[in-house]
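Below is one structure, written out as C-alpha cells, with a few remarks after it.
What follows is calculated from the coordinates using simple rules that are stated; it is not laboratory data. Keep in mind that this is a model prediction, so the values were computed, not measured. Here Cβ is always computed from backbone atoms with ideal geometry, including for glycine, and neighbour counts include all displayed protein chains.
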Amino acid sequence: MSGKKTSYKEPGFYSLKQLDDVATLKLGRNFLLNAIDLSIKSSLFDVFDHITENDETRALVMMNCQEKIGCEGYIDFYRQVMANQFDRRSIQRMCNIFDQLILKIVKLNKPVIHADCGEVIPLFMNMSLACDYRIVATDTIFQKPYFELETLPKGGSAFFLCKMLGYCQAKQLLMSEKNFNALEALEMGIVDQVVPYSILEEEAHKIAQDFTKRSKRSLEGIKKLINYNMKDLQDYLEFESFELLKTIGV
C-alpha cells in the first residue's frame, strides 16, 4: 500500500508509525520496565496527546510485540520491583502510570484497534479492553499470574469485564485460576476477531481503515456517549491501586 509515512521510535519502549490516516503504536519488549522510568514515560503520553490533536490521524492501531513480557516475565518483573524494596509512594507512582495509560486510551477521540498475540498478562488484556476493537492471533493465551503472586490484576479488569460480560461471568472469569485462549475470549466477547499471526497486523490495519471511512464527527460523538458510561473508571482505578497496595503490604 502506498501513502504518506512518518515514524518515531523510543527503542525498547515503543515505536509510532503513520501511514496515511492510520497511526500504528507498537509497544516494545521492555515496555513494562520503560513505563515506570519517569525520565521517558511521559513521551508515551505525549504520543496520545499528539494523536488526539492531529487531524491527519483518523484511527490508531495498538500492538504488543510478539516477544513481550509473558506470565513468567511478569512474575520476574514483579519480584524485581519488590526486591528493590520500593516504598509505598514509588509503587503508587507505578500504579498511577498504568492508570494514566488506561485513561489515555479510553479518552482518545479516535477509534483505537488493539492487536495482540502469544502470552497476554492482565495489564495488556486491560489495555485491550480500553480500546474500541480487539483482534488477536490464534496463539493468544490470556494468563493470570496474580494468583501465584498473591496480588491483584492491574488496569481495570473488574471494571471493564463487569460491563462487558455482566457481574456473574466477570466474577467467575477473574476468580478462576484457569487461563483462556483466543477462541474462548472470542466466544465470551472479550475479543472481536481471531486471525493467524501472519496476517494480524494487516487485518488490524484493514479494520482501522474501515473506521476512517465513517463520519469522523459521528465516531467522536459516539465515543463521548460511550465514555459517559466510563465516568467512574478513574475512581475505580484509584480504589484498585489502594487494594493492590494492601496485598503487597507496603
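Our coupling estimate for the range 129-146, obtained by passing each phi through the Karplus curve with A = 6.51, B = -1.76, C = 1.60 and θ = phi - 60°, is 5, 6, 8, 8, 8, 10, 10, 10, 7, 5, 8, 5, 10, 8, 10, 9, x, 5 Hz, Gly and Pro reported as x.
Across all Cα pairs in the range 147-188, the calculated P(r) in 5 Å bins from zero up to the longest distance comes to 5, 20, 29, 32, 11, 3 percent per bin.
With N the number of residues in the range 156-243, Rg(Cα) / (2.2 N^0.38 Å) evaluates to 1.35.
Distant-in-sequence amide contacts of R29, defined by a placed amide H-H separation under 5 Å and a gap of 5 or more residues or a different chain, comprise nothing.
If you count Lys pairs in the range 144-250 whose Cα atoms are under 24 Å apart, skipping same-chain pairs closer than 8 places in sequence, the total is 26. Model label points for L183 and I222, set 7 angstrom from Cα along the Cα-to-Cβ axis, are 3.0 nm apart. All other residues whose Cβ lies under 14 angstrom from that of E201 are scored, Lys and Arg at +1 and Asp and Glu at -1, for a net of 0.
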